[in-house]
Amino acid sequence: MSSKRPTIYVAGVGIVSPLGTGVDATLVALRNNSPAIAPLHVFSVQQQPPLPVGQVDIADVGSGLPRTHRLAIASAKQAMVGYDCIPDAVIVGSTTGGISRTEKLLAEKSQDATLYKYHGLGTVAEEIGKELHCTGELLSFSTACSSGTVAISMACKMLEAGDAEWVLAGGADSLCLLTYYGFHSLQLVDKKGSRPFDVSREGMSVAEGSAFLLLSTVKPEHSHGVVLGSGLTCDAHHAAAPHPEGTGAEHAMQKAMDDAGVTADDVDYINLHGTGTPENDLAESKAVRRLFDFPPPLSSIKGLSGHGLAASGAIEAVVSTICLENDFLPANGGCEEADPACGIVPLVTPVSQPVAAILSNSFGFGGNNACLLLADTEKESVQEEVDKAPLSIVGKACITGAGHTMDSLGRFFTLESMAGTLETKTVAEELPPRAIRRMKRFSQMALALAAAAQKDSGLEQSPHAVFMGSGWGALSETYDFLENLQDTNEQFPSPIDFVGSVHNSAAGQIAIHHGATGPNLTSSGGDYSFEQALLATEAFLGEKTRYNTAFLLAADESHSPLSPLLDVSSQLSGVAADGGGSFYLCRKAIPGKVSIRSCFYGCAGEKGIEEMIRSLGGREDIRNKCGMILAGIPAARTQVGEQQLDQFMQETDLDVPVIHYRKFTGEFSSASAVATVMAAQLLESGQIPAGKFVMVLGFGHTLTAMELALQ
Amino acid sequence: MDELTAQIKDKLIEILNLTDVTPEDIDENAQLVGGELGIDSIDVLEMVVMVEKDYGVVINNKEIGEKVFSTLKNLVDFIRENSPEVS
């Protein structure tokens, strides 16, 4: 069965970058072709002279929000100009979140946890949501420098599936010590400023910025263009360096074109990722040359804007719409003599010429590749009926303070607490020492979880894709990097810690160790990160595509002193706890296996519980099918969470066992992943009445519902 | 094995977390990067930091870096020749 594929219109755009604020200023800057890269001045550094960066002129006072949040809100509001509607969802790509503030607080040795409340990446989407009164999905993806493009791709999937009509998606990152010194420690910064594809290029210019696109399946009065397709892949090759032949990049570009239903001949312009590092530009060129016998005009704008990291893909998507609307192509700033080794010649001056279809590339650490195909007008196309095959669990694993899977579940079945922190040595006992020598607790835990889920499946073939959630990411590496920076007067930051500090470092390692070259997404939405990863799995894992198997997991590490400062629930519990849960999933019906489905994800507004009940099929349906509830109420939200649960039970008039799973797992963000493993085990071991489901519900400022059932 | 060589072997094992390697396992003349130890470009950068921090020797040139880190012996010799802290 096929049907007309909905067109995804770009109804609004917002951009705040070193090139300027707003579309008009950005177009002027691109026409002027003058690099907006200058020595760092937005904060002071001890190592002089300051390196050239791309910085945004935005006031540091006022809202009380960290810089990334303010950049994000500024461009999000621009994108909404002219619209009274409230987006159904907000999707943000970010790598920095509130780290710039955390850096200052840590340097001052502040112990006041309330001051760290904006650290989490998810708070960027939450603040935009508040600003725009959005009560739908507020999602956050952190896949390093492809984050913004991944966020836009996720929005497209939700729109195509009919899950939303209006989605605001983009990216935001601010300059901070972590990224400023991190890329420097990797010797990836060009002291002369970024000069992508130049024969003498020496690296990138770290930058900041934000951009958002209001995307809709409803044709707006004024469309800025359409998103025809997207393509996500993973190199599964190296933690930081691109695959030298650019194979992952090539596949992502090809997938974006296939998804859009266009061929290489249809592409009028390629907005290159082009960071200016010797390795990226060479690998990207090779990929382009393999796909395009005669490449169309192409350029990277990062020699003008710098590299806005998670924001860059969104910035360049907005720039692509500017190009489509103005029949304009920007130059590849900074490149004076094209590198013959690259074999492509980027535009040296801006050009005015008709442009109807643009391929925009974003690549990041962890071999994370994301490409978009944008066009000026809609294209008639059909799509297969939306995939209804369930996500079947063929393998599962968990880690808690009580130990690996069976030790943890055994404790649960005797109604004892599993809360605690398993020794790192024991977490990684099944992993080869050489494979994990550069990883600290978080990544080791994630890798152990993936390996255990695969082992449990009994399958030799590894999954194609990785969908991971984490509330806080790699705390050890982040803390060690910043502490080392401070201890050495900012002279000797650790490159290994920097590479390991990115949120998607663990998912990238899983891809490398399992050869998972499909989509690789890491979500970070506090206590609901696992649920966000499940939404991404549902969006990207198709039955009929190459990528029909995946790891779905979430993990968080307990860290002293960071966990009690960042996670109020952890602080309130007074017991250090961490762990995670993982699944090996297949997108097909497998009788006898447990299936998992996300039924609801939204803000806890006035009608939150009502909407949640409706999404679960209504009162009667819930009463007929629900056999047990596993309820997650973070300690920091006890009061409101209990009220929400009471309301849910009253309104459904359910009489089933309700287990407060955090009483067993302890308080950590990925506890719901462990609870989901518990739910699957309950079903598999026949402890739930035949035909009944287990619901894993999340309460607090967000409401979530997942449903597990034996097929 | 002279003192500086032994010291640098210990440091490499520590900073690169080569928990399954003993100092005796490291052949001073064997290929260091891309060899049996599994050392890659990120490890090289971590070693660059260590060499500067502990021995006051700056390596900020790719060609020199490639030569210096080709074998452990070359690294030790380079530090010995250039470090104000090693006599």
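The values are calculated or read from the model by the stated rules, or taken from the named source; none is laboratory data. Everything numeric here is computed off the predicted structure, so don't read it as measured data. We place every Cβ from the backbone using ideal geometry, glycine too, and count neighbours over all the protein chains shown.
The set of residues from segment A:459-512 being part of a loop (DSSP other than H, G, I, E, B), within 13 Å of chain B (Cβ to nearest Cβ) and more than 17 Å from A:F442 (Cβ to Cβ) comprises A:T488, A:N489, A:E490, A:Q491, A:F492, A:P493. Here the condition is being at pLDDT 95 or above, of a type in the set (S, T, Y), under 22 Å from A:L535 (Cβ atoms) and touching a strand residue (DSSP E or B) at 6+ places or on another chain (Cβ under 9 Å); of A:S94, A:S75, it holds for A:S94 alone. A:P242 fulfils the conditions (1) more than 14 Å from chain B (Cβ to nearest Cβ); (2) assigned to a loop (DSSP other than H, G, I, E, B); (3) surrounded by 22 or more Cβ atoms within 10 Å (Cβ to Cβ) except for a single criterion, (1). Of the residues A:K130, A:K192, A:K157, the single one that is in a loop (DSSP other than H, G, I, E, B), more than 12 Å from the chain's Cα centre (by Cα) and on the phi < 0 side of the Ramachandran plot is A:K192.
Within segment A:410-460, the set of residues being farther than 25 Å from A:S523 by Cα and among the polar types (S, T, N, Q) comprises A:T414, A:S417, A:T426.
Listed conditions (1) out of contact with any Gly (no Cβ under 9 Å at 6 or more places or on another chain); (2) within 16 Å of A:T702 (Cβ to Cβ) are all met by A:G518, apart from (2). Answer yes or no as to whether A:V199 is within 30 Å of A:I86 (Cα to Cα) and surrounded by fewer than 24 Cβ atoms within 10 Å (Cβ to Cβ). Considered against the rule, which asks whether it is within 30 Å of A:I86 (Cα to Cα) and surrounded by fewer than 24 Cβ atoms within 10 Å (Cβ to Cβ), A:V199 comes out as no. May I ask you to list the residues in segment A:530-539 that are surrounded by fewer than 24 Cβ atoms within 10 Å (Cβ to Cβ) and either among the acidic types (D, E) or within 14 Å of chain B (Cβ to nearest Cβ) (or both)? A:E538, the sole residue that qualifies. Each residue in segment A:111-127 was checked for being in a helix (DSSP H, G or I), over 16 Å from the mean Cα position of the chain (by Cα) and hydroxyl-bearing (S, T, Y), and 2 of them qualify. Does any residue of segment A:533-542 turn out to be part of a loop (DSSP other than H, G, I, E, B), at pLDDT below 95 and assigned by TED's automatic domain parsing to the domain that holds A:R587? Scanning segment A:533-542 turns up at least one residue that is part of a loop (DSSP other than H, G, I, E, B), at pLDDT below 95 and assigned by TED's automatic domain parsing to the domain that holds A:R587.
Residues in segment A:543-559 that are under 17 Å from A:R441 (Cα atoms) and modelled with pLDDT under 95: none. Can you tell me how many residues within segment B:36-61 are at pLDDT below 90 and surrounded by fewer than 14 Cβ atoms within 10 Å (Cβ to Cβ)? Residues that pass the stated criteria total 3.
Residues are listed down the side, and each one gets a yes or a no for (1) of a type outside the set (D, E, K, R); (2) within 24 Å of A:F467 (Cβ to Cβ):
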position: A:Q48; (1), (2): yes, no
position: A:I58; (1), (2): yes, no
position: A:L65; (1), (2): yes, no
position: A:Y83; (1), (2): yes, no
position: A:A89; (1), (2): yes, yes
position: A:G122; (1), (2): yes, yes
position: A:E127; (1), (2): no, no
position: A:S142; (1), (2): yes, yes
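Of the residues making up segment A:495-516, those that are on the phi < 0 side of the Ramachandran plot and surrounded by fewer than 24 Cβ atoms within 10 Å (Cβ to Cβ) are A:I512, A:H513, A:H514. Tallying residues that are closer than 30 Å to A:A11 by Cβ and surrounded by fewer than 24 Cβ atoms within 10 Å (Cβ to Cβ) within segment A:330-340 yields 1.
Residue count for segment B:1-50 under the criterion of being within 16 Å of B:I79 (Cα to Cα), assigned to a helix (DSSP H, G or I), in contact (Cβ under 8 Å) with a residue 12 or more places away in the chain and more than 14 Å from chain A (Cβ to nearest Cβ): the result is 6. When you check A:D527 against the structure, is it within 12 Å of chain B (Cβ to nearest Cβ), part of a helix (DSSP H, G or I) and not aliphatic (A, V, I, L, M), yes or no? Here the answer is no, as A:D527 does not meet what is asked.
I'd like to check something: does segment A:401-412 contain any residue that is acidic (D, E), surrounded by 16 or more Cβ atoms within 10 Å (Cβ to Cβ), at pLDDT 95 or above and under 26 Å from A:A252 (Cβ atoms)? No; the residues of segment A:401-412 include none that is acidic (D, E), surrounded by 16 or more Cβ atoms within 10 Å (Cβ to Cβ), at pLDDT 95 or above and under 26 Å from A:A252 (Cβ atoms). Within segment A:436-447, can one find any residue that is more than 14 Å from chain B (Cβ to nearest Cβ) and touching a Pro at 6+ places or on another chain (Cβ under 9 Å)? Taking every residue of segment A:436-447 in turn, none turns out to be more than 14 Å from chain B (Cβ to nearest Cβ) and touching a Pro at 6+ places or on another chain (Cβ under 9 Å).
A:L177 meets all of the listed conditions (1) surrounded by fewer than 24 Cβ atoms within 10 Å (Cβ to Cβ); (2) within 14 Å of chain B (Cβ to nearest Cβ); (3) among the hydrophobic types (A, V, I, L, M, F, W, C) but one, namely (2).
Among the numbered conditions (1) over 27 Å from A:K425 (Cβ atoms); (2) away from chain A (no Cβ under 12 Å), the only one that B:N60 does not meet is (2). Kindly indicate the residue of segment A:195-217 that is out of contact with any Cys (no Cβ under 9 Å at 6 or more places or on another chain) and part of a loop (DSSP other than H, G, I, E, B) and also nearest to the other protein chains (Cβ to nearest Cβ) among those meeting that condition. Checked segment A:195-217; the qualifying residue nearest to the other protein chains (Cβ to nearest Cβ) is A:E202. Of the residues making up segment A:257-304, those that are of a type in the set (G, A, S) and either in contact with a Lys or Arg (Cβ under 9 Å, 6 or more places away or on another chain) or crowded, with 24+ Cβ neighbours inside 10 Å (or both) are A:A260, A:G261, A:G274, A:G276, A:A283, A:S285, A:A287, A:S299, A:S300, A:G303.
Looking at segment A:414-435, which of its residues are surrounded by 13 or more Cβ atoms within 10 Å (Cβ to Cβ) and either in contact (Cβ under 8 Å) with a residue 12 or more places away in the chain or more than 14 Å from chain B (Cβ to nearest Cβ) (or both)?
Let us first name the residues in segment A:414-435 that are surrounded by 13 or more Cβ atoms within 10 Å (Cβ to Cβ), namely A:417-422, A:424, A:426-428, A:431, A:434-435.
Answer for segment A:414-435, where residues must be surrounded by 13 or more Cβ atoms within 10 Å (Cβ to Cβ) and either in contact (Cβ under 8 Å) with a residue 12 or more places away in the chain or more than 14 Å from chain B (Cβ to nearest Cβ) (or both): A:S417, A:M418, A:A419, A:G420, A:T421, A:L422, A:T424, A:T426, A:V427, A:A428, A:L431, A:A435.
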